[in-house]
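Heads up: the structure comes next, in structure tokens.
No lab work stands behind these numbers, since they all come straight from the coordinates. Just so it is clear, the model here is predicted, and its values are computed rather than measured. FYI the Cβ positions are ideal-geometry reconstructions off the backbone, even for glycines, and counts take in every protein chain you see.
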Amino acid sequence: MSPTYTPEECERWHKRTCARCRRRGWFAARWPDGHVCRTCHDKALLVRGTCPSCGDERALPGLRSGDGTRTCSDCAGFMMSYRCSRCGTEDKLHRARLCTQCTITDRLNELLDDGTGRIRPELLPMADSLLAMDRPLSGLAWLNRNKGKPGSTADLLRRLGQGDIELTHDAFHHLQPWRAAAHLRELLMTCGILPTIDKRICSFERWLIEHLASIPDPDHAQIIRRYAAWEVLPRLRSRAEKKPVTPAARRRVADQVKQATAFLDWLADRDHTLATCGQTGIDAWHAEHNQHVRNTIRNFLLWCSASKLTRPFRLPPVQISRAAPMPQAERLELIGRLLTDPSLPLRVRVAGSIVLLYAQPLSRIVRLTLDDVTRAEQQTLLRLGEPPSPVPEPLAELLFRWIDSRDNMNTATNHACRWLFPGRRAGQPIHPDVLAALLNDIGIPTTAGRTAAIRQHALEMPAPVVAEALSYHRVTTAKLASEAGGTWSRYASGDHWRSPPGWTPRRTGDS
């Protein structure tokens, strides 16, 4: 006898009807009127507890007739056994009737073998992390992804174990497919096998190698290589020492390199080089391109001028356009919807509320950790700057509910993750673009909402106070307050009741 469930039970486990699963061929066991999908079957085996019939502590995949209480497979009358042939644990069984934990252990021993029958010593920390996963089934699925194909997870791990891939960042720059290699590199960095480097810098260095190889003119490739090595990468590394590089910053430097390459091609089409390019060529370039391209190429042109690669020239001033803020009434309506609508995903409600209430960019929100959420004298505080900002009770309740039920906590290195919004990559938060897509799907315009929030704060509080509390630059908040018609543009921060050092009050009769 196989596990039997009702269609409602399968829908509760799987969040979708088994008719859809049946059409796709996802079935593992049978009920009286149809099939149980494989996903619901596997999830039922994860339920563990004390069987109400026999009192044993074990897996409870069965349903007791009548009240539907979870029971063990023996009390439910199953003819099949779920006990591992090696360790005796009840779990989903794989080849040779081994449980998931035993199967992933054998798989890792096979893939990471250095030729001596043992795991390569340098890779032992990674193997221990994979074996310590709360859900080893997801780790086994990762090991079997694209099985048998070049560049699959198994292929990369086998080459690592045999020493064909050196344990250096330069070696990972050339591996394909790059997504699988990037995920493996982040796992190695999290386990301490590779030196920790900002993932955006790793991504840019890998992209730069491919971009340089695609430039047909060797002289142009040499100039772009010099520009990236002496200007772009040092600036990116200097920023990474202060704070993590954001995806927007990574895209911006890649755009600068691509526009620099396009500028050299533009000169070549007109039979010019950097040495013969002067003010006339610069003016012609600006006349033919939009403001975004002009701002992007500016850094390269300044570097060329400083490096004496071009004739002297002058650049027009930078023009920066800001997104129009949403109306205050619309912003308040969206905040109310996020705080009260239970049909919205909890992650989206928390992240959207932080955007609309505290004017935080998504690149900063994804870097928040559990340590940034504190309780002080029955008040919840969120550390975005100094001092921490108070969190109103509706959002505080949502925040702690989300902390207790965060997603992506079952990967090899995320079981003790401190990110407020964990990602799927090893030790990394969720990507800002992914969070932006989730917010856009429910109608939350992040840029317009953040602009409206910071302008409202600048109207209600002095610009320096807003800057320190929300981690904005003081010049930025002062400009926003002035544009919004605020009365705090000349406010000076500090204790205005305290006299300056060395100052004495002027007495009557002093001149």
(request) For Thr369, enumerate residues with amide H under 5 Å from its amide H, sequence gap 5+ or separate chain, H modeled in the peptide plane. (result) Leu420
(request) Please list the non-local residues whose amide H lies under 5 Å from the amide H of Leu63, H modeled 1.01 Å from N, same-chain partners needing a gap of 5 or more. (result) Thr4, Thr71
(request) Read phi for every residue in segment 462-479 and hand back ³J(HN,Hα) as whole Hz from Karplus 6.51 cos²θ - 1.76 cosθ + 1.60, θ = phi - 60°, with x for Gly and Pro. (result) x, 4, x, 5, 4, 4, 6, 6, 10, 6, 9, 6, 5, 5, 4, 5, 5, 5
(request) Report the full-extension gain for the segment Glu122 to Glu483: residue separation times 0.36 nm, less the Cα-Cα distance, to one decimal in nm. (result) 124.2 nm
(request) Scan around Arg48 for amide H atoms under 5 Å from its own, H built in the peptide plane at 1.01 Å from N, and keep only partners 5 or more places away or cross-chain. (result) Leu60
(request) Highest first, please rank the peptides 442-452, 45-55 by the mean number of other Cβ atoms sitting within 10 Å of their residues. (result) 442-452, 45-55
(request) State log₁₀ I(q)/I(0) for segment 187-240 at q = 0.23, 0.25 Å⁻¹ as given by the Debye formula over alpha-carbon point scatterers of equal weight, solvent excluded. (result) -0.90, -0.97
(message) Let me check the size of segment 193-346 from its C-alpha atoms; what are the radius of gyration and Dmax in Å?
(response) 20.4, 64
(request) In whole Hz, with x marking every Gly and Pro, tabulate ³J(HN,Hα) for segment 345-350 from phi via Karplus 6.51 cos²θ - 1.76 cosθ + 1.60, θ = phi - 60°. (result) x, 5, 4, 5, 5, 5
(request) Take the Cα radius of gyration of segment 121-166 and divide it by 2.2 N^0.38 Å, with N its residue count; two decimals is plenty. (result) 1.19
(request) Convert each backbone phi in segment 106-118 into a coupling constant with the Karplus relation 6.51 cos²θ - 1.76 cosθ + 1.60 (shift: θ = phi - 60°), then list the ³J(HN,Hα) values in order as whole Hz, x for Gly and Pro. (result) 5, 5, 5, 4, 6, 6, 9, 5, 8, x, 9, x, 10
(request) State, in angstrom, two size descriptors of segment 159-248 derived from its alpha carbons: Rg to one decimal place and Dmax to the nearest whole number. (result) 14.3, 41
(request) Determine the alpha carbon to alpha carbon distance for each of Lys147/Lys243; Lys92/Lys147; Lys43/Lys149 and list only those over 32 Å. (result) Lys147/Lys243
(request) Quick one: go through segment 250-274 and flag any residue whose amide nitrogen is under 18 Å from the point 7 Å out along the Cα-to-Cβ line of Ser307. (result) 253-268, 272-274
